[in-house]
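The values are calculated or read from the model by the stated rules, or taken from the named source; none is laboratory data. Predicted, not measured: the structure shown is a model, and the values here were computed from it. With ideal geometry, Cβ positions are generated from the backbone for all residues, glycine too; neighbour counts draw on all protein chains shown.
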Amino acid sequence: MKKLQVGFIGLGKVAELHLAGCQDAEQIQIVAGSDTATERLKHMAKVWGFRGYRDYTEMLKKETLDFVCICTPPLAHRDITIQAAQHNVHVLCEKPMALSVEDATAMIAACDDAGVKLYYGSSYRCLPPCMQAKEMIEQGMLGPIHLLLETSIGGGGPDTWQGLGPHHYPLGGPGGSGMGLIDHGIHLADIFPWFVGHRVEAVFGRGNYSGQKPATEYLTMVFGNGAIGMLVYNDATFPTSTPYEGIFSQGASWDVCGNLLRGGQWDPQPGCIHVYGEKGALRIYHYANKLYFCDSAGIRDIPLHGRPNPGHFGLQMDSFARSIIAGAEPPVSGRDGLRALQVILAAYRSHETRSLVCLP
């Protein structure tokens, strides 16, 4: 079986999870990695057994790569994507795709012009509970979808709250914490329309800004079929969850403060997505790897297959590799990443204008 040669650009914690998830990947081989932090680069190259480069442009010139996986902060995504396209290398870009519609559009155009594929790293679509939920929705088990909901509220109060900082998100622009609207909610801005099968038509919301005090973030999405999607986030307060509401997680997950919890541990406040339909409803523990379905017959635990976090990152990269080998369109394209970004940025415009923002 042919294995595609892959290079990583950016070797922080997110890249480490990707690499861990790729251990079971069937169609890729990690051959190179790049990071500007010398000690981090040496460590990662030794642990994962690839050739290391401080300059990603040197890696693009010297290596024969089929695609790169971009795991840097989003501000660098545009330049890296354009450079990779110019070297005839396909691109898998992590979320958020960019920080402006202009940058995301330029990335898509550069890849289109070079004839290379741009895969948007919507990793939630590869999590087993989300994949199974999508299948059940498509089979009509929930009937028409009316409401989708995710909340993430807790933390240790404002004194312990930490934003991602200007190295991730430039001061004054969209920002906040790793569990906020721009860094986490972008996942839901992608998979909610994927679940519903309709695009977002209008948005009302509010997001945090980099370098400013945190506030409650929220996003209400109105879909083409009339369904509503709602996100509510605040990790600068305190949780009200009681101990029995937790779950024994079967996959790695992040708590409300953005701390990584390894699989096989008790998660006292597991992230979950609620999907409510006319015939049934789902509770999706996307990282804890559990799925519950409730209808007129009662509630039941749905069996799952696949690779829980971090294995879903390997599944994501295998999926991209298959599209390259087959000469097919990526299952999740740069245009999907652009649409998710447009939804999130519309929440910021909504707050600034105190109005409902309609999307084209």
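Numerical summary
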| read-out | value |
| --- | --- |
| Entirely in the stretch 224-309, the strands (runs of 3 or more DSSP E) that have 1 or more residues that are in contact with a helix residue (DSSP H, G or I) (Cβ under 7 Å, 6 or more places away or on another chain) and touching a residue at least 40 places away in the same chain (Cβ under 8 Å) | 228-234, 273-277, 280-285, 290-295 |
| Test result for Gly33, surrounded by fewer than 23 Cβ atoms within 10 Å (Cβ to Cβ) and assigned to a strand (DSSP E or B) | no |
| Of residues in the stretch 1-28 being at pLDDT 95 or above and part of a strand (DSSP E or B), the one farthest from Thr64 (Cα to Cα) | Ile9 |
| Qualifying residue in the stretch 247-264 (condition: within 21 Å of Ser177 (Cβ to Cβ), modelled with pLDDT of 85 or more and assigned by TED's automatic domain parsing to the domain that holds Ile182) | yes |
| Filter result (of a type in the set (Lys, Arg), surrounded by fewer than 21 Cβ atoms within 10 Å (Cβ to Cβ) and under 15 Å from Pro129 (Cα atoms)) within the stretch 274-301 | Arg283, Arg300 |
| Subset of the stretch 326-343 that is assigned to a helix (DSSP H, G or I) and touching a strand residue (DSSP E or B) at 6+ places or on another chain (Cβ under 7 Å) - its residue that is surrounded by the most Cβ atoms within 10 Å (Cβ to Cβ) | Gly337 |
| Breaking point among (1) closer than 27 Å to Ala328 by Cα; (2) surrounded by 19 or more Cβ atoms within 10 Å (Cβ to Cβ), for Ala106 | (2) |
| Filtered residues of the stretch 342-360 (kept if in contact with a Leu (Cβ under 8 Å, 6 or more places away or on another chain) and closer than 19 Å to Pro74 by Cβ) | Gln342, Val343, Ile344, Ala346, Ala347 |
| Residue in the stretch 45-84 that is farthest from His168 (Cα to Cα), counting only those that are assigned to a helix (DSSP H, G or I) and touching a strand residue (DSSP E or B) at 6+ places or on another chain (Cβ under 7 Å) | Trp48 |
| Any chance Ala76 is surrounded by fewer than 17 Cβ atoms within 10 Å (Cβ to Cβ) and either more than 18 Å from Pro310 (Cα to Cα) or under 23 Å from the mean Cα position of the chain (by Cα) (or both) | yes |
| Checking Tyr124 against (1) touching a strand residue (DSSP E or B) at 6+ places or on another chain (Cβ under 8 Å); (2) aromatic (Phe, Trp, Tyr); (3) closer than 21 Å to Ser319 by Cα, the condition it does not meet | (1) |
| Residue that is farthest from Ser123 (Cα to Cα), among those in the stretch 310-356 that are acidic (Asp, Glu) and in contact (Cβ under 8 Å) with a residue 40 or more places away in the chain | Glu329 |
